[in-house]
Structure formats: C-alpha cells, structure tokens
Amino acid sequence: LRTKLGFKERAELLETSKIAQRIFKISLEKKSNLCVALDVDTADKLLDIAEKVAPHICILKTHIDAINGVTDATINNLQLLAKQYNFLIMEDRKMADIGNTVKLQYKKLVHWADIVTVHSVSGGMMLKGIQEVINENAESLDSRGVFIVAELSCNGNLISEQYIKETVKIAEEYKDIMAGLVCQSHDVISSPSLLQLTPGVNIKNANDNLGQQYQSPSDIILTKGADIAVVGRGIYQDDNPAEAAKVYKESLWNTYLERVSN
Ligand code: 5IU
C-alpha cells in the first residue's frame with residue numbers, strides 16, 4: 001500500500017520518475033515533507049521568507065504571476081537558495097490550455113521551475129507538449145516534471161469522480177514526467193511511485209472566507225494520505241516564519257514516520 005511504504009523504498013521502484021526520485025531524496029535528507037507556498041506580494045518578501053524557511057522545506061511553491069517586482073535577479077537568487085539549502089522550486093501555474101499553448105508557456109518556466117502544476121481538463125496532449133520541452137532541455141537541466149491536479153481543497157469546486165479517475169489515468173500514461181497528483185483523499189493514488197501533494201493545512205484556522213478548508217498536519221498525513229503537505233499562510237503570515245516552518249516540518253514528518261511504522 002502506498003501510504004504504508006517508506007519514501008526510500010518508493011524512490012527505488014523501477015517506475016518512479018526522475019523528478020519523484022529527486023523529491024523523495026531531498027525529503028529524506030532534510031527529514032521534511034513540507035512544501036511551503038509563498039503567496040506574498042513582493043519579490044523582496046519572497047526572497048526574505050524563502051531564506052528563513054529554506055532549511056525546513058523540500059519544495060518551495062510560487063504563484064510567480066501574483067508577485068510584484070519579480071526580475072531575472074529574483075529568480076536567480078531563488079535558484080541560489082534552492083541550491084544552497086537543497087529544495088526544489090515549484091511554480092503553481094496550473095496549466096490548462098491546449099498542448100501547443102502549454103508548450104509555449106512552459107518554455108518560459110522550464111529553466112527555473114523544477115516542477116509545475118497542471119490541470120487535466122484539456123487531456124493528455126497538454127502533457128505531451130510539456131514532455132517535449134523537458135526532452136529538449138534534458139542535457140542542460142536537472143530532471144523536471146509536473147504535479148497534476150486531481151482534486152481541489154476549496155468547497156464548491158466542480159471536479160467529479162469521473163474527472164478524478166481520468167486524471168489518474170493521464171498521470172499513469174505520462175509517468176516519466178510525473179511527480180504525482182495534487183489531491184485531498186487517500187484513495188486517489190494507489191501507485192507507490194507517485195507522490196500525493198495536499199494543500200489546505202493550518203494549525204490555527206479551520207478555513208478562510210474564500211472557500212479554503214483546512215486540516216491539521218496529522219489529519220492531512222494520516223486521514224487524507226498526503227505524502228507532501230502544502231502550507232501557505234500558516235507559515236508566511238506567522239510573526240516568525242522560520243520557527244513556524246520548523247514546527248510544521250516536525251509535526252508533518254513525525255506523522256509520516258508514524259504512518260509508515262505501523
Ligand atoms: N492550493 C490550494 N488548494 C488546492 C490547490 C492548490 O490551496 O486544491 I490544487 C494552493 C493555493 C495556495 C496554497 O497557494 O495551495 C495554500 O495556501 P494557504 O495554506 O495559505 O491556504
């Protein structure tokens with residue numbers, strides 16, 4: 001069973017993609033299955049908080065188009081931090097257009113984002129476009145890949161059971177570039193080679209006033225079956241983001257250890 005198997009064993013499976021291997025490896029090295037979402041409004045805040053939380057995360061997630069003042073230097077500095085502190089960068093663009101358009105958009109991301117998120121709504125051809133760009137850059141860049149969205153954490157979303165099943169099928173079809181799926185339930189992913197990334201974690205709040213629904217770290221790992229948890233406001237809005245990241249990291253990692261130990 002995926003949720004009972006350790007990251008080390010899962011990383012070593014034959015069908016585990018290069019990008020999933022990179023995530024498993026960093027996670028084990030840093031004892032962290034925390035992905036921080038830095039949805040701040042300026043490039044200065046992005047770099048400032050990134051540096052503070054860097055020792056505690058395996059993935060840093062951005063919505064780069066929501067941040068003011070991002071330049072090439074911002075991206076360079078983010079990449080330097082990623083190297084220095086051993087984490088991956090994920091641009092949460094949720095690409096969703098036809099293959100050709102996604103391919104054009106992804107060409108602008110592939111150089112700095114180790115991972116991008118995609119919606120499955122337009123089908124597998126979109127992933128073919130991404131795969132082509134990854135192949136074109138395979139010699140000059142470390143392995144790249146995607147997380148595909150199978151479920152959303154907000155109430156009132158339009159995703160159906162059928163959509164989830166078809167999304168898993170697409171993920172299996174493009175396993176070479178698949179880090180895993182973004183979802184909310186433990187039974188979406190059965191294959192241990194794929195990672196479950198789950199947003200909607202907060203220790204202090206149960207929701208926001210725009211539909212977001214939160215769970216505790218232990219719920220997200222034990223009940224919802226997350227391998228990697230995404231925490232945004234719980235960390236970057238804290239008075240002490242470094243300390244908050246450490247608290248979330250330890251809580252998430254200890255729950256993961258508990259999950260695989262029995
Ligand atoms: N995010 C979700 N829910 C989802 C998906 C993505 O919250 O279903 I797919 C993103 C949005 C935000 C982060 O960047 O994860 C969660 O941030 P907060 O912890 O601040 O709610």
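The values are calculated or read from the model by the stated rules, or taken from the named source; none is laboratory data. No experiment lies behind these values; they were computed from the predicted model shown. Using ideal geometry, Cβ is built from the backbone for each residue, glycine included, and neighbour counts are taken over all protein chains shown.
Let's see how each residue does on (1) in contact with a strand residue (DSSP E or B) (Cβ under 9 Å, 6 or more places away or on another chain); (2) under 28 Å from Ser216 (Cβ atoms):
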residue	(1), (2)
Trp112	yes, no
Leu127	yes, no
Glu136	no, no
Leu158	no, yes
Thr167	yes, yes
Tyr174	yes, no
Leu181	yes, yes
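Here is a list: Ala242, Ala229. Which entry is of a type in the set (A, V, I, L, M, F, W, C) and more than 12 Å from Cys35 (Cα to Cα)?
From the options Ala242, Ala229, the qualifying one is Ala242.
Looking at this structure, is Ala20 outside any loop (DSSP other than H, G, I, E, B), crowded, with 21+ Cβ neighbours inside 10 Å, at pLDDT 95 or above and touching a strand residue (DSSP E or B) at 6+ places or on another chain (Cβ under 8 Å)?
yes
Might you check whether a residue that is more than 26 Å from Glu173 (Cβ to Cβ) and of a type in the set (Ser, Thr, Tyr) occurs anywhere in region 11-21?
Within region 11-21, not a single residue is more than 26 Å from Glu173 (Cβ to Cβ) and of a type in the set (Ser, Thr, Tyr).
Cβ contacts < 7 Å: first residue more than 23 Å from Val110 (Cα to Cα) and free of Cβ contacts under 8 Å to residues at least 60 places away in the same chain, restricted to region 168-192; second residue within 12 Å of the ligand (Cβ to nearest atom) and basic (Lys, Arg), any location; separation 6+ or different chain. Result?
Gln184/Lys224; Ser185/Lys224
Scan region 196-217 for residues that are out of contact with any helix residue (DSSP H, G or I) (no Cβ under 6 Å at 6 or more places or on another chain) and not in a loop (DSSP other than H, G, I, E, B) and jot them down.
Gln196, Leu197, Pro199, Asn207, Gln212, Gln213, Gln215
Which residues, taken from region 37-70, are over 13 Å from Ala244 (Cα atoms), more than 16 Å from the ligand (Cβ to nearest atom) and in contact (Cβ under 8 Å) with a residue 60 or more places away in the chain?
None; the set is empty.
Of the numbered conditions (1) more than 22 Å from Val188 (Cβ to Cβ); (2) in contact with a strand residue (DSSP E or B) (Cβ under 8 Å, 6 or more places away or on another chain), Ala150 fails exactly one; give the number of that condition.
With (1) more than 22 Å from Val188 (Cβ to Cβ); (2) in contact with a strand residue (DSSP E or B) (Cβ under 8 Å, 6 or more places away or on another chain) applied to Ala150, the lone miss is (1).
Pairs only if they're at least six apart or on different chains, beta carbon under 8 angstrom, first in region 120-133 and at pLDDT 95 or above, second among the basic types (Lys, Arg); list them, first residue then second.
What qualifies is Gly129/Lys103; Ile130/Lys103; Glu132/Lys103; Val133/Lys103; Val133/Lys107.
Only one of these conditions is not met by Leu194: (1) within 12 Å of the ligand (Cβ to nearest atom); (2) under 16 Å from the mean Cα position of the chain (by Cα); (3) not aromatic (Phe, Trp, Tyr). Which number is it?
Answer for Leu194: the failing condition is (1).
Any residue at all in region 115-133 that is more than 16 Å from the ligand (Cβ to nearest atom) and part of a strand (DSSP E or B)?
Checking region 115-133: not a single residue is more than 16 Å from the ligand (Cβ to nearest atom) and part of a strand (DSSP E or B).
Has region 172-180 got at least one residue that is within 14 Å of the ligand (Cβ to nearest atom) and assigned to a helix (DSSP H, G or I)?
no
Can you report the number of residues in region 42-88 which are at positive phi and either part of a helix (DSSP H, G or I) or touching a Ser or Thr at 6+ places or on another chain (Cβ under 6 Å) (or both)?
1
Find all pairs meeting these conditions: Cβ atoms under 6 angstrom apart; at least six residues apart or on different chains; first residue within region 4-21 and under 21 Å from Val110 (Cα atoms); second residue assigned to a helix (DSSP H, G or I) and of a type in the set (A, V, I, L, M).
Final answer for the pair search is Gln21/Ala11.
Restrict the check to region 218-235 and report whether at least one residue is more than 17 Å from the chain's Cα centre (by Cα), farther than 20 Å from Cys183 by Cα, within 12 Å of the ligand (Cβ to nearest atom) and not in a strand (DSSP E or B).
no
Report yes if some residue within region 40-57 is in contact with a Leu (Cβ under 6 Å, 6 or more places away or on another chain), buried (at least 16 other Cβ atoms within 10 Å of the Cβ), modelled with pLDDT of 95 or more and under 16 Å from Ser143 (Cβ atoms); otherwise report no.
Among the residues of region 40-57, not one is in contact with a Leu (Cβ under 6 Å, 6 or more places away or on another chain), buried (at least 16 other Cβ atoms within 10 Å of the Cβ), modelled with pLDDT of 95 or more and under 16 Å from Ser143 (Cβ atoms), which makes the answer no.
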